[in-house]
Amino acid sequence: MNSFSNGIHTFFIPGKLPGLNEYTRANRTHRQKGAKLKDETDQYVAYCVMNKLRGLEIKNPVHIKYTWIEENQKRDLDNIAFAKKFIQDALVKLGVLENDGWKNITGFEDHFEVNKKEPGVLVEIVEVES
């Protein structure tokens, strides 16, 4: 799922990304374990982004819509949505976004669904006129 038209760009990240609880637990176990978890997640997200948005460089501010698709309702919503940190960092690292600060991201929305067979994150980046 991807789009390059009308200033709307979408991609899908299959699977369950670590939430805040998993990331905190890894850091409390050992700082290198937390760093490894972040690095592995960043690499996976970057791979998913590159497959759909390779070469895209967005200069306008954006609004990002996240649809978090979970296998079940066990994790808290704020725990799940923490993973947007990994996604936004990957978008900056790959040059899709110049930065992830206030001038570049005007806001974001979180939506939540349950699908046991196809968990993941659908990300929709909407360019906002400067």
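Here is how the numbers come out for the structure above:
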{"item": "The stretch 36-97: radius of gyration and largest Cα-Cα distance (Dmax), Å", "result": "12.8, 38"}
{"item": "Estimated 222 nm signal from helices in the chain, with DSSP H stretches of n ≥ 4 weighted -39500 (n - 2.57), rounded to 500", "result": "-11500 deg cm²/dmol"}
{"item": "Carbon/sulfur fraction of accessible area - the stretch 1-110, other protein chains in place, 1.4 Å, %", "result": "50 percent"}
{"item": "The chain: relative contact order in percent, alpha carbon pairs under 8 Å with at least 6 residues between", "result": "41 percent"}
{"item": "Restraint check, 52/74; 33/116; 65/117; 36/59; 65/103; 33/74, Cα-Cα greater than 26 Å", "result": "52/74; 33/116; 36/59"}
{"item": "Probe 1.4 Å, protein heavy atoms only - accessible area per residue of the stretch 1-116 in square angstrom", "result": "61 Å²"}
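The values are calculated or read from the model by the stated rules, or taken from the named source; none is laboratory data. As the structure is a computational prediction, the values presented were derived from the model and not from experiment. These area figures cover heavy atoms from the full protein model, side chains too; ligands, DNA and RNA do not enter into them. Shrake-Rupley method; radii C 1.70, N 1.55, O 1.52, S 1.80 Å.
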